[in-house]
């Protein structure tokens, strides 16, 4: 690893470490000098040191587990080798399966690929190619091209910036590809964005969406999944107020926290029961010196993942127990399904501190958008400006992240929009992730989205 080479570089390494330390301090100073949109008191020196140590501790654990995972993988392969007689008797299969489960759980993960190489259009299998059409420091606009997309409705899928990569919506993209010309927002891991790129907050997020819709051109439709429902709705209102010709024809919001006062969940309660300063002091860390974004303050993906997994720890434990049993029984196909899910679920990325803290403050604590108090670049975001953008709100009956009524609130807030331009779907027996992935998404929810697009200029 690059960091290990720096640590064990003798005298030259000492010189480099000295430069790193000096550069690191300079980066801290540059970060403090940025024009933050939130003018509250900065993180204290003690809290900064404590949270920086947290990131270092995580990196040490990750590196140790990577080695342990490699050893476990080697052990499992040795036990499963056809020439090894121990793999056929006694506890051999169980031991090999246990090693494989541990190796998979402990393995480090980077950014996954979409791996969408073909789709079926009118019964014909056609190749799909990915193209990055617009790049910005904190994200890029990815286009899935195929010959069946010509003349099809243009669809921008807005992926959440909430700790996971856009590939979490692989199933969403795959289902919408046959009948649509699909783009997706592909956000970058904040720890890989140099400080020179500046800050990224909710205002910037909204600007990115508007710019990418202008790149796609008039007549596009938007599908926002979870967290981006708020900035997507704000962007729609801003574009409507400006009479922007590239404003979307429809906006579908799925499991989004438009008004978290409605049926608050454990996630909402967590944000409401702690003051803003608690988040600032306890969950914001500084990116270590060996990453491109060294010195940038972030909300780390590993904390987000830990929070999500702790909410349903029993379910995650049972999933791994089931994977272990499938491996023991030789059912590799079922075990692979669990592995594929966790390969994606455990691949996490960091968010900028300013974006995370602003989201906590404006969305979960002050409820700025539903109260009519949200500003974009100092100007009010007026949802009454939405007069011709058809809105579809989708919620899951068993959603434990965005409660029932939180997304639906958008339909009430858009008072100038005619009733025929509003639609609500409550998906029965569906949790948060089931809204945009899995069988019920493919068979029950996606057809409603497709119908809404077709009936509103698609």
In nanometres, what is the gap between the two model label sites at residue 397 and residue 115, each 7 Å from Cα along Cα-to-Cβ?
3.2
So for 392, 411, fewest C-beta neighbours within 10 Å to most, what's the order?
411, 392
Taking a crude spin-label model, label points 7 Å out from Cα along the C-beta direction, the residue 215 to residue 415 distance in nm is 3.7
Suppose the chain between residue 382 and residue 244 were pulled fully straight at 0.36 nm per residue; how much longer would it get relative to their current alpha carbon spacing?
48.2 nm
Sites residue 371 and residue 289, calculated FRET efficiency, Cβ-Cβ separation with R0 45 Å, nearest 0.05:
0.60
The residues 349, 226, 246, sorted from fewest to most surrounding Cβ atoms within 10 Å, come out as 246, 349, 226
Label-point separation (nm) for residue 443 and residue 404, each offset 7 Å from Cα along Cα-to-Cβ?
2.2
Which FRET efficiency value, to the nearest 0.05, is calculated for residue 424 and residue 126 with the Förster distance at 45 angstrom and r the Cβ-Cβ distance?
0.85
Cβ neighbours within 10 Å, averaged per peptide: list 156-162, 144-150, 432-438 in order, most packed at the top.
156-162, 432-438, 144-150
Peptides 215-221, 229-235 ordered by average Cβ neighbours within 10 Å, highest first:
229-235, 215-221
Using the Kirkwood radius over C-alpha pairs as Rh, can you work out the diffusion coefficient of region 157-251 via Stokes-Einstein at 37 °C, viscosity 0.692 mPa s, in µm² per second?
233
Order of 254, 272 under a 10 Å beta carbon neighbour criterion, fewest first
272, 254
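Coordinate-derived values only; no laboratory data. What you see is a predicted model, and the numbers here were worked out from it, not measured in a lab. All Cβ positions, glycine included, derive from the backbone under ideal geometry; neighbour counts span all protein chains shown.
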